[in-house]
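Down below is the structure, laid out as structure tokens.
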Amino acid sequence: MTNALCRLVYRSDSLIDHGDSPALDAIFRVSVRNNSRDKITGALALPDGKFVQVIEGRRRDIDALMVRIQADERHTNVVVLGDWPIAARLFPGWAMARPDPTPLSDQAFRIVTEDGSGVQVTSILLSMSRGPAEVWL
């Protein structure tokens, strides 16, 4: 069903230098614009040379976004950690939350960057987004 809501979580290896603020800011600006247009919500964190993202929206919009994400040459090794139907969004009103992963404990950081499931990563990014997070509008 193309109108059903779903949540998808992925992790990838960034090919952008972590200190390249203009390039990273551009990703967020374009993401906010496109996600607002497509009614996609979520969060994107950039821990330790990785992209870790939770996206929520209608199945057809998430599938179209994933085609664009997998073709994007700014990262490699895109691994989907979870993809499931949902009844409600966890990131309502956030076209793209940009949480800062630096305060994570070693265990939470390892879950986000190395070995966590989609549900674990979603939980951590959600908790990071409820505090003082930077949102690009």
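The values are calculated or read from the model by the stated rules, or taken from the named source; none is laboratory data. Every value quoted in this text rests on a predicted model; they were computed, and no experiment measured them. We place every Cβ from the backbone using ideal geometry, glycine too, and count neighbours over all the protein chains shown. Ligands, DNA and RNA are stripped out before the accessible areas are found, and what is left, the full protein with its side chains, is counted by its heavy atoms. Shrake-Rupley method; radii C 1.70, N 1.55, O 1.52, S 1.80 Å.
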May I ask for the distance between the Cα centers of the stretch 39-89 and the stretch 105-129, given as a whole number of Å? 15 Å
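Compute the relative contact order of the stretch 10-86 as a whole-number percentage, counting only Cα pairs closer than 8 Å that sit 6 or more residues apart in sequence. Write out the running numbers ahead of the final one.
Values: 84 pairs, mean separation 36.1, N = 77.
After rounding, I find 47 percent.
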Can you compute the modelled spin-label distance between T102 and N3, with each label point 7 Å from Cα toward Cβ, in nm? 4.5 nm
Would you calculate the separation in nanometres between label points at D17 and R59, each defined as 7 Å from the Cα along the Cα-to-beta-carbon direction? 4.4 nm
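In square angstrom, what is the accessible area per residue of the chain with a 1.4 angstrom probe?
Details: 7090 Å² over 137 residues.
On a per-residue basis, the chain sits at 52 Å².
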222 nm [θ] for the chain, helices only, -39500 (n - 2.57) per DSSP H run of 4+, per residue, to 500? -11000 deg cm²/dmol
Label point 7 Å out from N77 along Cα-to-Cβ: which residues of the stretch 30-65 have amide N under 12 Å? 49-51
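So what is the relative contact order for the chain, in percent, with contacts set as C-alpha pairs under 8 Å and at least six apart?
Details: 253 pairs, mean separation 49.1, N = 137.
The normalised contact order for the chain reaches 36 percent.
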Need one word for the chain: rounded, prolate or oblate. Basis is the Cα gyration tensor (sqrt eigenvalues a ≥ b ≥ c); a/c below 1.5 gives rounded, then a/b vs b/c decides. rounded
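Give the percent of DSSP beta bridges with both residues in the chain that are antiparallel, rounded to the nearest 5. Can you show the working numbers first?
Details: 24 of 25 bridges.
Expressed as a percentage, antiparallel bridges in the chain total about 95.
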For peptides 77-86, 116-125, sequence by mean Cβ density within 10 Å, most packed first: 116-125, 77-86
